[in-house]
Amino acid sequence: MVKAVVCGAAGGIGQPLSLLLKLNPLVTELSLYDVVNAPGVATDLSHINTPAQVAGFLPADNGAEKALAGADLVVIPAGVPRKPGMTRDDLFNVNAGICATLAQAIANAAPNAFILVISNPVNSTVPVFAETLKKAGCYNPKKLLGVTTLDIVRASTFVASVVGQPQDAPKYTIPVVGGHSGATILPLLTQSEPKIPAAILNDQAKRDALVNRIQFGGDEVVKAKDGLGSATLSMAQAGAHFANLVLQAAFAGKTLVTQSYIDLNAAAGGEDIKKEIGADLAYFSVNVELGRDGVQNILPIGNIDDQERTLLAAAVKELGPSIEKGVQFTPAPPKL
Ligand SMILES: NC(=O)c1ccc[n+]([C@@H]2O[C@H](COP(=O)([O-])OP(=O)(O)OC[C@H]3O[C@@H](n4cnc5c(N)ncnc54)[C@H](O)[C@@H]3O)[C@@H](O)[C@H]2O)c1
Ligand SMILES: O=C(O)C[C@H](O)C(=O)O
């Protein structure tokens, strides 16, 4: 029996993500929480003939804690998205408050759950979750996972396109480490499997354009949606894929490796990452080995070339203040 919860389930990401989780055979109970329309979305999904039993909750009558009670996995796409001209950091003030409130509700109702954070800016909202859970006395860094999967998905799509074989996108695996915002997104093109042809990697203009498109793919969608939000459908697919990896590892006995933005104290290997990146950052998106209890090992970044080393330095520089901002966040006192 696996209970999954989506917080922010009525939103642009929340609805298709909830649909994809309803289709996941490992999920037996699906609980949807939002400040609007969660019961409506739940009723709609409940007519689909898959095993997961669906229920929707609004804030009234302690709805968040009812939705979360006993959850195994909570996915968080709650919060405001960007409009053209905004950075992800511009979302911090609103979304950090939402994340702190949800973290407290999780601490109360589902302290052992996996928590998958989608709400932006991920580089700061993951530390907000961690600090709130620490204060509540139930922080387990092995189970707090910042979702950077969309960057990995984009990397394979854009690489296949540059290689001239767009239909091969699913065949490409390109690790993306660092964080989830502009220069903090570090695609390791030299580690691509299959290899990216040297003719592309050695063509500086092509390589720069490829890195830039992966780093700023989010802006491409924000611009195209022209004020009506940011990536939702691709994010829902990426989020459901990542959730499935976590579920497969936790409940189907598989050991899987992907990248996620995590606390480097979560498992063995974190101190080695600090040496590899040459900085004492508390959080970084790294190769994580997922098992029954979450992050069971942090794996090295591995061999990178000089250009990737330069990008790594830029990522580290930008990440430090974003992490600190999340760590220092103090939620506003509740209105009386
Ligand atoms: N990590 C990533 O790769 C990634 C990718 C895309 C978007 N995002 C982020 O995901 C977030 C959601 O994006 P969206 O396009 O779905 O936005 P949206 O506005 O369409 O949906 C957000 C939902 O959150 C709900 N919500 C607001 N406050 C809440 C609260 N306190 N509790 C529960 N629900 C609450 C809203 O009612 C809404 O339904 C944004 O912050 C966006 O920047 C992250
Ligand atoms: O770009 C955004 O604001 C949303 C998301 O982080 C993305 O990468 O698409």
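The table below lists the values:
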read-out: Only one of 148, 132 that is more than 13 Å from ligand 2 (Cβ to nearest atom) and either closer than 18 Å to residue 324 by Cβ or in contact with a His (Cβ under 8 Å, 6 or more places away or on another chain) (or both); value: 132
read-out: Selection count where residues are away from ligand 2 (no atom under 16 Å from the Cβ), within 19 Å of the chain's Cα centre (by Cα) and part of a loop (DSSP other than H, G, I, E, B), scope segment 1-26; value: 3
read-out: Residues that are within 16 Å of ligand 1 (Cβ to nearest atom) and either under 12 Å from the mean Cα position of the chain (by Cα) or crowded, with 24+ Cβ neighbours inside 10 Å (or both), drawn from segment 154-173; value: 154, 155
read-out: Residue ID - surrounded by the most Cβ atoms within 10 Å (Cβ to Cβ), chosen from residues in segment 200-221 that are more than 13 Å from ligand 2 (Cβ to nearest atom) and not aliphatic (A, V, I, L, M); value: 207
read-out: Sole residue being in a helix (DSSP H, G or I), more than 15 Å from ligand 2 (Cβ to nearest atom), more than 30 Å from residue 195 (Cα to Cα) and modelled with pLDDT of 95 or more, chosen from 160, 100; value: 100
read-out: Count of residues meeting criterion [assigned to a helix (DSSP H, G or I), away from ligand 1 (no atom under 13 Å from the Cβ) and touching a Gly at 6+ places or on another chain (Cβ under 7 Å)] in segment 103-130; value: 1
read-out: Failed item in (1) farther than 21 Å from residue 125 by Cβ; (2) out of contact with any Gly (no Cβ under 8 Å at 6 or more places or on another chain); (3) modelled with pLDDT of 95 or more, with residue 297 passing the rest; value: (2)
read-out: Filter pass, residue 197 being more than 16 Å from ligand 2 (Cβ to nearest atom) and farther than 24 Å from residue 310 by Cα; value: no
read-out: Single condition residue 263 does not satisfy, out of (1) charged (D, E, K, R); (2) surrounded by fewer than 22 Cβ atoms within 10 Å (Cβ to Cβ); (3) more than 15 Å from ligand 2 (Cβ to nearest atom); value: (2)
read-out: Scope segment 27-42; condition surrounded by fewer than 22 Cβ atoms within 10 Å (Cβ to Cβ) and either within 16 Å of ligand 2 (Cβ to nearest atom) or under 22 Å from residue 129 (Cα atoms) (or both); matching residues; value: 35
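The values are calculated or read from the model by the stated rules, or taken from the named source; none is laboratory data. Bear in mind that the values here come from a model prediction, so they are computed numbers and not experimental data. Every residue, glycine among them, receives a Cβ derived from its backbone with ideal geometry; neighbour counts consider all protein chains shown.
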